[in-house]
Every structure is written in structure tokens, then in C-alpha cells.
Amino acid sequence: MNKAQKLQQHDEMEIPETVMHTQSRSDLSISMQSYHNDQTKFGFSVIPSKVIAMTAMLLLVGSTFLIFGIILLIQSPGKYQRSLSMIILGVLMVIPGAYYTILLFKFRQAHNQAEQRQILNEFPLD
């Protein structure tokens, strides 16, 4: 069976009238309202500014520690204790900072409120 025949069969399928008329007008308007509400998005105002600031701070300061630790390790390989501690501290700060930054980008790119709520559940909000 080729694609044209499959499309024609799909177009010929009919929905029984009992199924079509089972919803009342109020049910239909409620479902349309919920559909419309689900299609709208939250803004960044839903996420507290402290969470956004801490995410940015963790990512930036962690990246700074990581970069300076690597630079110190390359410049003076004999004194690796100071550079190793900076690298470890940088990694410990970059991991959660990068994770929550990615969540912020996913929150911004979500298609509807349901996806945004699911992402919001992963943030440490009280």
C-alpha cells in the first residue's frame, strides 16, 4: 500500500456521532480554557531572583577557580597543592551552576506551562 492510499484511508475514517456529541458546551469551553492556559508561558518572575543570582554566581566563580587552578598547575607543576585545591573547588561550584543554568534555559524554551512546572519542581524553591 503506498502513501496516497494510506492517506485516503485515513481521510475516509469517520468518528461515530455518539462520540462527537457527548461533550456539552460547558465541557468544551472548560477544555478550551485549560488548553489556552496550558499554551501560555510563565515569565522569569516565577523563579526568585536569588536562585537566578546564585546560579550565575556558582557558574562564574566556579569557572574562574577552575581556569586559575589549571593556569597555576601549568605554570608551576611542583606546587600542585594550591592549584589542585582551586581545581577541585572550581569543579564543585561549576557542576551545580551549570546544571541550574541548563534548567533555566530549558525553562525559557519550554512550550507550555506544564513543561515549565515540571522544570520548576527541580529548582530548590521554598
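The values are calculated or read from the model by the stated rules, or taken from the named source; none is laboratory data. These numbers were taken from a predicted model, which means no experiment stands behind them. With ideal geometry, Cβ positions are generated from the backbone for all residues, glycine too; neighbour counts draw on all protein chains shown.
Each row is one residue, and each column tells you yes or no for (1) in a helix (DSSP H, G or I); (2) polar (S, T, N, Q).
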| residue | (1), (2) |
| --- | --- |
| LEU60 | yes, no |
| THR64 | yes, yes |
| LEU89 | yes, no |
| MET93 | yes, no |
| LEU104 | yes, no |
| ILE119 | yes, no |
| PRO124 | no, no |
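So GLY78 ticks every box in (1) within 24 Å of LEU103 (Cβ to Cβ); (2) outside any helix (DSSP H, G or I); (3) not basic (Lys, Arg) but one. Which box is left unticked?
GLY78 satisfies all of (1) within 24 Å of LEU103 (Cβ to Cβ); (2) outside any helix (DSSP H, G or I); (3) not basic (Lys, Arg) except (1).
Looking only at segment 75-126, which residues are modelled with pLDDT of 85 or more, among the basic types (Lys, Arg) and more than 12 Å from ILE47 (Cα to Cα)?
Those that are modelled with pLDDT of 85 or more, among the basic types (Lys, Arg) and more than 12 Å from ILE47 (Cα to Cα): ARG82, LYS106.
Looking at segment 54-74, which of the residues that are of a type in the set (Gly, Ala, Ser) and within 9 Å of MET93 (Cβ to Cβ) is surrounded by the most Cβ atoms within 10 Å (Cβ to Cβ)?
Going through the qualifying residues, I end up with GLY62.
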